[in-house]
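Only one structure is covered here, and it is reproduced in the block below.
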Amino acid sequence: MTELTHAIASTHQVFNQPLPLENYNAFHGDRMLQYWLRVFDATWADPRLMDFGHQVGHELLQAGFLANKHIPEFLPHDRFGHRIDQVDYHPAYHQLMQAAITAGHTHLPWTMQEPGKHVARAALAYLHNHADPGSGCPLTMTFASVPAIQTQPDVASRWLPGILSGHYDGSNKPWYEKVGLTIGMAMTEKQGGSDVRANTTVAVPVGQPGAGQLYSLLGHKWFCSAPMCDGFLMLAKVEDQLSCFLVPRWREDGSKNPIHIQRLKNKLGNRSNASAEIELRGAHGWLVGEQGRGVATIIQMVALTRYDCMIGSSALMAQAAKEAIWHTAGRSAFGRPLHLQPLMLNVLADLALEAEASLAISMRIAHALDNMQDAKQAALVRCATGIGKYWICKRAVLQTFEAMECVGGVGYVDENVCNRLYREAPVNSIWEGSGNVQCLDLLRVLSRESDCLNALMAELEAARGRHPLYDRRLDQTLAMLVQTESLEYAARHILQHLALCWQAATLLLHGEGWIAEAFVRARLGQSSLQFGCLPEGINTQAIVERLLVRIDNRTAG
Ligand SMILES: Cc1cc2nc3c(=O)[nH]c(=O)nc-3n(C[C@H](O)[C@H](O)[C@H](O)COP(=O)(O)OP(=O)(O)OC[C@H]3O[C@@H](n4cnc5c(N)ncnc54)[C@H](O)[C@@H]3O)c2cc1C
């Protein structure tokens, strides 16, 4: 009998399963990220990134799992029935926010003078994304709010010290009692999200009208993410003119500003982040910028959140590729290590190539942001961010799925980060201007702002002569731009071509030669964009090796 119990208890041994990819330094283990920091002048940030990378690969990775499992909870009232509109987060969420803000995610480019400061901050955002993309939402919005708030110097002088302090304070108290502040953004209404001019929320002056003055807002917002932020940039109409307001969660007399949370959305991904529906019942807010200049003011914030979507989706893809490579390197099938089998190598190398091309153009925009005093760089940011946002965020949905499939069944379950990466991927494409809106915006910019068209052309032409396949594709793409009668209908087709040319140009000009060669042959030399269809003769093993995470004793502990 005892023998039988023993036999039942020991049905099998677990073997041929890799160790989880954890307890490592996410910066030290990422040769691709280090390469692009070197290219774009940000190696001075290595010690900071080593420190943050260690946290990301250790405690923040675990915090990310906790924050996505124990999702935010909405408490409309306290136990005595007073309206409190509170959202409670798991401590792990606060830990993620605290670590990222302390490292410089929200403020570094606005407070440091070093060349490459945007590139260094992009690396922080990329690494943070490996731990938890959800908390990246308020971090991004806080970072991106700065130029818009600076439009109104009197408001800026009171708010920016807290926004740029490098401190996180997740407590529920008025902004003027806190050292560190976070900022959200609420534009989308039920009747129109992309078309913000359809907003029905109205604002009337509390006292004197005018820029910097206090207004009272009446209306709703259909999406308001991170509703425990200290203030929100919002759009509302003053005498039918769309205007931008900074709306604090608390009024200056210490009472709660009437921003009523109706409910939190149940979402496909982005679980650690709360996204609320709100009603504004006379909520006070300061007019930021001139009356009627709402879109022009808030677009400065939106432009940077679009750029962060590029970084975020590049990070999703890099992490997905790393997980796929790590997993297959630790598993055998049919008697051989999976990651060395030709067909799997083809898929893995392709996933890695996509991640690198995406990171390359994201870092190219960061570099341009570092050089905004140069009008050509500023023009490139204005047009190329939309191209990158459109293409990278769309490719991430497919790429994270393929990576999950490389990991197999265990990649599909909630305990595996691959599952989360896949669920997370679509949101970057939907928010901050969905795909078609990016396409239409780009056409508008290229037709109206000749400096943008020139900057983009200069970027693409600079790589001419480096590869015959590139030259041919560039000519085809330029020919599309002159077919003006069908531009809108063909906008996605055009954007795809522009994106592939720009990725190729960036790799040809700044990347490792063998990576550029592989990308050009894979993406410009054939029509298939399906993963795992690389042409013959590509050094797939070297490409995969580049993204195989190194864990050594120095950095693992
Ligand atoms: C998780 C999550 C969090 C969010 N958080 C926030 C937030 O904090 N603050 C905020 O303001 N918003 C937020 N949003 C809203 C988001 O920004 C909007 O959903 C988005 O801008 C699209 O607006 P919409 O949903 O009204 O779609 P619509 O504007 O109805 O668009 C639907 C589709 O039509 C396409 N489309 C629109 N116009 C055209 C056209 N002329 N030609 C062709 N196609 C077109 C769009 O590209 C889109 O694919 C959030 C959304 C999500 C999913």
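The values are calculated or read from the model by the stated rules, or taken from the named source; none is laboratory data. Quick caveat: nothing in here was measured; it's all calculated off a predicted structure. Cβ: placed from backbone, ideal geometry, glycine included. Neighbour counts: every protein chain shown. Heads up: the accessible areas ignore ligands, DNA and RNA and are worked out on the full protein's heavy atoms, side chains in. Shrake-Rupley method; radii C 1.70, N 1.55, O 1.52, S 1.80 Å.
Before moving on, here are some points about what is shown:
- Once the range 160-207 is narrowed to residues that are out of contact with any Lys or Arg (no Cβ under 8 Å at 6 or more places or on another chain), more than 23 Å from T142 (Cβ to Cβ) and of a type in the set (A, V, I, L, M, F, W, C), the residue that is nearest to the ligand (Cβ to nearest atom) is A198.
- Residue list for the range 285-297, filter: surrounded by fewer than 24 Cβ atoms within 10 Å (Cβ to Cβ) and within 13 Å of the ligand (Cβ to nearest atom): V295
- Selection of the range 233-264 for residues being surrounded by fewer than 18 Cβ atoms within 10 Å (Cβ to Cβ) and in contact with a helix residue (DSSP H, G or I) (Cβ under 8 Å, 6 or more places away or on another chain) yields Q241, E252.
- Scan of the range 409-434 for residues that are open to solvent by 30 Å² or more (accessible area, probe 1.4 Å), outside any loop (DSSP other than H, G, I, E, B) and either within 15 Å of the ligand (Cβ to nearest atom) or of a type outside the set (F, W, Y) (or both), ordered by number: G409, V410, R423, P426, V427, I430
- For the condition charged (D, E, K, R), away from the ligand (no atom under 16 Å from the Cβ), in contact (Cβ under 8 Å) with a residue 24 or more places away in the chain and buried (at least 16 other Cβ atoms within 10 Å of the Cβ), R466 qualifies.
- Among the conditions (1) open to solvent by less than 10 Å² (accessible area, probe 1.4 Å); (2) more than 23 Å from A283 (Cα to Cα); (3) more than 16 Å from the ligand (Cβ to nearest atom), the only one that V146 does not satisfy is (2).
- Restricting the range 203-232 to residues that are under 30 Å from the mean Cα position of the chain (by Cα) and open to solvent by 50 Å² or more (accessible area, probe 1.4 Å), the residue that is farthest from Q150 (Cα to Cα): W222
- Residues that are of a type in the set (K, R) and touching a His at 6+ places or on another chain (Cβ under 7 Å), drawn from the range 64-120: R83
- Enumeration of residues in the range 345-380 that are farther than 21 Å from A516 by Cα and either among the basic types (K, R) or surrounded by fewer than 24 Cβ atoms within 10 Å (Cβ to Cβ) (or both): L369, D370, N371, M372, Q373, D374, A375, K376, Q377, A378, A379
- The single condition among (1) open to solvent by less than 20 Å² (accessible area, probe 1.4 Å); (2) touching a residue at least 40 places away in the same chain (Cβ under 8 Å); (3) away from the ligand (no atom under 16 Å from the Cβ) that T151 does not meet is (1).
Here is a yes/no grid of residues against (1) of a type in the set (D, E, K, R); (2) away from the ligand (no atom under 13 Å from the Cβ); (3) in a loop (DSSP other than H, G, I, E, B):
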| site | (1), (2), (3) |
| --- | --- |
| P209 | no, yes, yes |
| L217 | no, yes, no |
| L246 | no, yes, no |
| L268 | no, no, yes |
| N273 | no, no, yes |
| A283 | no, yes, no |
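- Any pair with Cβ under 6 angstrom, 6 or more apart, that starts in the range 412-441 at a residue that is of a type in the set (V, I, T) and ends at one that is part of a helix (DSSP H, G or I) and within 10 Å of the ligand (Cβ to nearest atom): none
- In the range 364-385 there is no residue that is among the basic types (K, R) and either without any contact (Cβ under 8 Å) to a residue 60 or more places away in the chain or within 16 Å of the ligand (Cβ to nearest atom) (or both).
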